[in-house]
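Let me begin by presenting the structure, written as structure tokens, before commenting on it.
What follows is calculated from the coordinates using simple rules that are stated; it is not laboratory data. All values reported here derive from a predicted model rather than from experimental measurement. When we count neighbours, we look across all protein chains shown, and the Cβ atoms used for this are built from the backbone with ideal geometry, even at glycine.
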Amino acid sequence: MAGHVIKAEKLTKVYRRGSEDVYAINGINLEIDKGDFIALMGPSGSGKTTLLDIIGCLDSVSSGTLEVFGRDVSRAREKDLVALRRGNIGFIFQEFLLIPSLTALENVALPLYFARLRKEKKFLTEILKKVGLGHRINHLPKEMSGGERQRVAIARALAISPKFLIADEPTGNLDTRSSQEIFDIFRKVNAEEGLTVILATHNPKLGSQTSRIIYLKDGKTVLREESGLY
Amino acid sequence: MNTFAIALKNLARKKVRTLLTISGVAIAIAVLVSLWGFDAGYQKSLESDIDKMGYQLLVTAKGCPYEAATLMLKGGGGLLYMPEGVYDKIVKDPRIDRITPQLVATAYDPQKESSDSGIALYMGIHESYLALKPWSKFKFGGWFSGEDADEVIIGYEAAEFEQRAVGDKVFIPGKDKVLTVVGIFERTGTQDDGIIFMPLKTAQRIFDLPGKLTGIGIKLKDMRELSKFEEDLYYEPGIQIISMAQVRGTILNLVSSAKAMTNSVAMIAIIVAVIGVVNTILMSVFERTSEIGVMKAIGASRADIFRIIWTETTLICVFGGIIGNILAILGGNMVEYALKQVLPYTPKGHLVIITPEVLVLSSVGAIVMGLIAGVYPAFRAASLKPVEAIRKGE
């Protein structure tokens, strides 16, 4: 394969807590290729979120190198990281984190506005239809269920046609049925559009449906496993 | 989707809080506009009052210059008396273009209690009075039949208030004297409108002030001779000369101290309003920490966030400015009424004149206020680190 989407070597993130250094992630090596569907698993505090933040260019690296689309971003400035995130990386969070004052459609339009991209309303509606929310485009987040809100969040991430999606426990706040439905959307965009998806989950059933699982513990990868199911 | 829409929707989320903050700005702007309006209006009215007095100099008996200045504008002379001889002496001066003697007297009228604390103002005048006030025209009737006639000419408002017509009888309270109305002046827009005029000699007789005057109005042929003329009269005993320029300065001086106080009140109102806006927006930034983090995660730059928050503060101040301007226009009469109660002298005409320039200036002021108030909250929001912001909100 010509170049990795993400390549990390000896990736380390250290926080200072009092007089103590805490290694949120500690020397992780990682290669993610286009079309990968990866589940990050591991107990709470194992470093899943930190790793996602770093490879999503939201957080800085303490040491090691990180290449995104072949470009070393481990020493990049905030301004360059913003430019990289815009139009390349889609984020989905456990808490949905929609803007409460904006409708579903407006929430989806927001990243396009920041990326200075003009799109027809039809384009936005199509994306909402793709996640099964064609009938809720003018609803505010508070008028929607958790599953619906997460669908809006996925649509928002997809609006900029990203190169990869980062989802931090996207089903953590959902019931079993909604969880599977949301997961199916990820599987669909991965399978049909070849979109790279990296998600963190506590749910082994969902994890087993990805192409690769990376287990983390105490900031280190402890096990990599190719999932047979996918 | 644009910055305005996002900012507006954010403000609409906490309607009560936003409205309260806007009210704070509106009140501050209303105070400011009223003050500026007063500044312009008072000066203009005062100047027009002084212009309409017709004379540049007034000779009065020696007394407190402030009291004299105020009383003079109210009726043409301080209620201190000087002998008629002064007039006879000055009248021959070749530098004088026009000159008129006057005697002001007051009488308490219990039937007039509703207006001006029941005091009726009378002025004894000489025929030369009309020469100094060419705009004083008769609406009805004409001049007195003689120098000692028991007749009056009434100012427009006094006539209207007392429902008098030519031929009616006027009773002078406390003097048991009845005079006949021979003329009614047209409206002049000055204090003269409220005065009852009678021949100088009649006034001296009725009010028991033989050979007395309260003032002598003088117009010089050449204004440049003013200071020399004043100097010549300086050594004349028992009198003082007040020039209209001096009166204007004296009154503006009195008013300026009141103005300084109200100006500081306006400044305080604005500072409080700005602090209110900063507080509201800061609070809203803290509440939206995770939202701001998400916006950054999905591609918002520091400048984008700064712009959104800045727009929110500016919108609050712009709305406040608009409402404040409307309040000032609607409340202008109320402010005028209040000012009339506290000011030492209030000219005729509008005290508060709100011009389009004042409105434009205050609107620009409101925008500037918003821009200034927005800097710190916008900077705080723009400086949030996406990861920390997102996690803080969770």
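Beta bridges from DSSP with both residues in chain A: antiparallel share about 60 percent, rounded to the nearest 5.
At an R0 of 56 angstrom, the distance between the Cβ atoms of residue B:139 and residue B:19 translates into a FRET efficiency of 0.60. With both labels modelled 7 Å from their Cα along Cα-to-Cβ, the residue A:14 to residue A:225 distance reads 3.3 nm. Would you mind counting up the charge near residue B:13? Only other residues with Cβ under 10 Å from its Cβ, with Lys and Arg at +1 and Asp and Glu at -1. In short, +4. As a proxy for reagent exposure, ranking A:122, A:220, B:296 by other Cβ atoms within 10 Å from fewest up yields A:122, A:220, B:296.
Rounded to the nearest 500, the 222 nm mean residue ellipticity of chain B from helices alone is -19000 deg cm²/dmol, with -39,500 (n - 2.57) taken per DSSP H run of at least 4 residues.
Using unit Cβ charges (K, R positive; D, E negative) and no other charged atoms, how large, in debye to the nearest 20, is the dipole of chain B about its Cα centre?
Numbers: 41 positive and 40 negative charges, 420 e Å.
I would put it at about 2020 debye.
Roughly what % antiparallel, to the nearest 5, for the DSSP beta bridges in the protein assembly as shown?
Details: 56 of 81 bridges.
In the protein assembly as shown, DSSP labels about 70 percent of beta bridges as antiparallel.
Go ahead and run the numbers for FRET between residue B:303 and residue A:75, Cβ-Cβ distance against an R0 of 30 Å, rounding to 0.05. It comes out at approximately 0.85. Each label point was placed 7 Å from the Cα along the Cα-to-Cβ direction; for residue B:208 and residue A:145 their separation is 10.1 nm.
Looking at this model, which pairs from A:34/B:392; B:52/B:212; A:121/B:296; B:62/B:259 are more than 27 angstrom apart at the alpha-carbon? Over 27 Å Cα-Cα: A:34/B:392; B:62/B:259.
In chain B, the longest principal axis of the Cα atoms and the axis of helix B:15-51 are about 20 degrees apart. Between the Cα long axis of helix B:356-383 and the first principal axis of chain B there is an angle of about 30°, rounded to the nearest 10. Here the dipole of chain A is about 580 debye; that uses its Cα centre as origin and unit charges on the Cβ of Lys and Arg (positive) and Asp and Glu (negative). Counting only DSSP beta bridges with both residues in the stretch B:63-237, the antiparallel share comes to about 75 percent.
Among residues other than residue A:48 whose Cβ falls under 11 Å from its Cβ, what is the net charge (Lys/Arg +1, Asp/Glu -1)? Before the final figure, lay out the partial values.
On the way: positive: A:217; negative: A:53, A:168, A:169.
Spelling it out: positives minus negatives among the neighbours equals -2.
Please work out whether the stretch B:63-237 counts as rounded, prolate or oblate from its C-alpha gyration tensor, where a ≥ b ≥ c are the square roots of the eigenvalues and a/c under 1.5 means rounded, while otherwise a/b larger than b/c means prolate and anything else oblate? Cα axes put the stretch B:63-237 in the prolate bin. The average projected area of the stretch A:1-94, computed from the convex hull of its Cα atoms over all directions, is 6.9 nm².
Each part reduced to its alpha carbon centroid, the stretch A:162-194 and the stretch B:321-381 end up 56 Å apart. Paramagnetic label reach from residue B:12 (point 7 Å along Cα→Cβ; backbone nitrogen cut-off under 20 Å): within the stretch A:125-143, residues A:125, A:136-143.
Placing unit charges on each Cβ (+1 for Lys and Arg, -1 for Asp and Glu) gives chain B a dipole about its Cα centre, and among B:253, B:238, B:297 the Cα reaching farthest toward its positive end belongs to B:297.
What does the charge add up to near residue B:248, with Lys and Arg as +1, Asp and Glu as -1, over the other residues with Cβ less than 11 Å from its Cβ?
Details: positive: none; negative: B:47, B:49, B:51.
Here the charged neighbours net out to -3.
Positive end of the dipole of the stretch B:63-237 (Cβ unit charges, origin at the Cα centre): among B:132, B:178, B:82, the Cα lying farthest that way belongs to B:132. Shape call for chain B from the C-alpha gyration tensor, a ≥ b ≥ c root eigenvalues: rounded (a/c under 1.5), prolate (a/b greater than b/c) or oblate? Verdict is prolate for chain B. Listed by chain and number, the aspartates and glutamates whose alpha-carbon sits under 15 Å from that of residue B:44, ignoring those within fewer than 8 places in the same chain, are B:336.
Model label points for residue B:47 and residue A:123, set 7 angstrom from Cα along the Cα-to-Cβ axis, are 6.1 nm apart.
Computed from Cα atoms, the angle from the helix B:65-75 axis to the main principal axis of chain B rounds to 80 degrees.
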